[in-house]
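Data block below; observations after.
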Amino acid sequence: MFRSITGKIAYASLGAAMASLFSASVASAQDCTPTVSDSALIEPGKLIMSTNPTLPPMQFVDSSGTLKGMRITLGDEVAKRLCLEPEYIRIEFSAMIPGLQAGRWDVINTGIFWTAERAGIMQMIPYESQAISISVPTGNPAGISKAEDLAGKTVGVEIGGFEEAKVKLLAEELTAKGMERLEVRTFDNFATAYQALRAGQTDATVSIDSTAAEYATRGEFDRAISGLFATPVALAMANEELANAVLEVMNEMMEDGSYTALLDEYGVLANTEPFVIRGPNG
């Protein structure tokens with residue numbers, strides 16, 4: 001189930017990964033008793049998660065309008081093990097932290113990068129490692145192969161995220177070296193940033209490694225640079241009771257192998273140590 005707040009561009013359907021490890025059905029209150037109190041949830045019996053489905057293969061909408069991807073599979077499994085019904089709110093990333101603080105959803109499940117600043121206001125469970133890539137038109141006509149090659153170029157990025165902060169930092173570093181100014185253009189989401197690249201409005205697009213690799217595999221764009229600013233990615237919650245319950249479930253998934261198998265299927269670097277909450281209290 002999902003609630004749609006903003007329309008999204010549908011992506012081509014990907015193969016149904018991990019079917020043998022994750023059931024297509026979702027546990028409900030009729031199947032078992034929720035392990036989280038109603039007071040810890042936005043809506044009793046449900047785990048409401050925000051996601052920005054513009055990052056295939058991590059989270060995206062297929063041609064039939066179905067929400068899919070590694071993080072959606074992960075969210076479904078966490079909800080199932082908590083005996084809750086998963087519900088997704090599709091929303092731009094820039095609204096996610098304010099929405100969590102305002103009690104509009106229980107979990108940010110969109111691959112939010114962990115930072116000390118964010119951990120000061122949210123309960124965060126880092127569960128994967130991601131880095132930033134630079135996508136360019138097919139054939140890489142500008143010959144971009146290193147960060148310095150972006151000097152004098154226009155780069156598109158989703159507004160409000162880790163990627164925007166890092167590419168702006170890169171722009172400052174290039175200017176400090178006396179190189180031409182790197183212009184950063186922000187967009188509501190990654191889909192529109194890639195559309196701008198396709199239309200020739202920008203020279204490159206910044207996204208996470210897995211998404212840039214997916215577009216390269218499809219032959220839509222080339223991935224000119226990858227592995228920049230590798231940083232943990234997390235699930236984020238406001239409620240401490242819920243965060244502790246999710247933590248327990250995530251560690252169960254690590255112990256039974258389903259967590260590692262899921263991330264391996266998508267070529268994502270998985271945690272090897274037990275999960276911990278990195279939030280206001282530690």
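The values are calculated or read from the model by the stated rules, or taken from the named source; none is laboratory data. Predicted model, so just to flag it, every value in this text is computed and none were measured. Virtual Cβ from ideal backbone geometry, glycine too; neighbours counted across all protein chains shown.
For this structure, a couple of remarks:
- Odd one out for SER258, checked against (1) hydroxyl-bearing (Ser, Thr, Tyr); (2) at pLDDT below 95; (3) in contact with a Leu (Cβ under 9 Å, 6 or more places away or on another chain): (2)
- Filter result for ALA193 (closer than 24 Å to ASP62 by Cα, not assigned by TED's automatic domain parsing to the domain that holds MET70 and not hydroxyl-bearing (Ser, Thr, Tyr)): yes
- Within region 74-106, the set of residues being surrounded by fewer than 21 Cβ atoms within 10 Å (Cβ to Cβ) and of a type in the set (Ser, Thr, Tyr) comprises just one member, SER94.
- Of the strands (runs of 3 or more DSSP E) lying entirely inside region 46-159, those carrying at least 3 residues that are closer than 27 Å to ASP264 by Cβ and out of contact with any Ser or Thr (no Cβ under 7 Å at 6 or more places or on another chain) are 107-113, 123-137.
- All told, ASN271 falls short of being touching a strand residue (DSSP E or B) at 6+ places or on another chain (Cβ under 8 Å) and closer than 10 Å to GLN123 by Cβ.
- Being in contact with a Pro (Cβ under 8 Å, 6 or more places away or on another chain) and polar (S, T, N, Q) is a property that ASN281 lacks.
- ALA234 vs. criteria crowded, with 16+ Cβ neighbours inside 10 Å and of a type in the set (A, V, I, L, M, F, W, C): yes
- Single condition ALA245 does not satisfy, out of (1) under 20 Å from the mean Cα position of the chain (by Cα); (2) over 20 Å from LYS166 (Cα atoms); (3) buried (at least 21 other Cβ atoms within 10 Å of the Cβ): (1)
Residue by residue, here is whether (1) within 28 Å of LYS80 (Cβ to Cβ); (2) among the small types (Gly, Ala, Ser); (3) out of contact with any Pro (no Cβ under 8 Å at 6 or more places or on another chain) holds:
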position: ALA204; (1), (2), (3): no, yes, yes
position: SER207; (1), (2), (3): no, yes, yes
position: LEU228; (1), (2), (3): no, no, yes
position: LEU247; (1), (2), (3): yes, no, yes
position: ASN251; (1), (2), (3): yes, no, no
position: TYR266; (1), (2), (3): yes, no, no
position: ASN271; (1), (2), (3): yes, no, no
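- Residue among ALA171, ALA119, ALA142, ALA131 that alone is surrounded by fewer than 16 Cβ atoms within 10 Å (Cβ to Cβ) and at negative phi: ALA142
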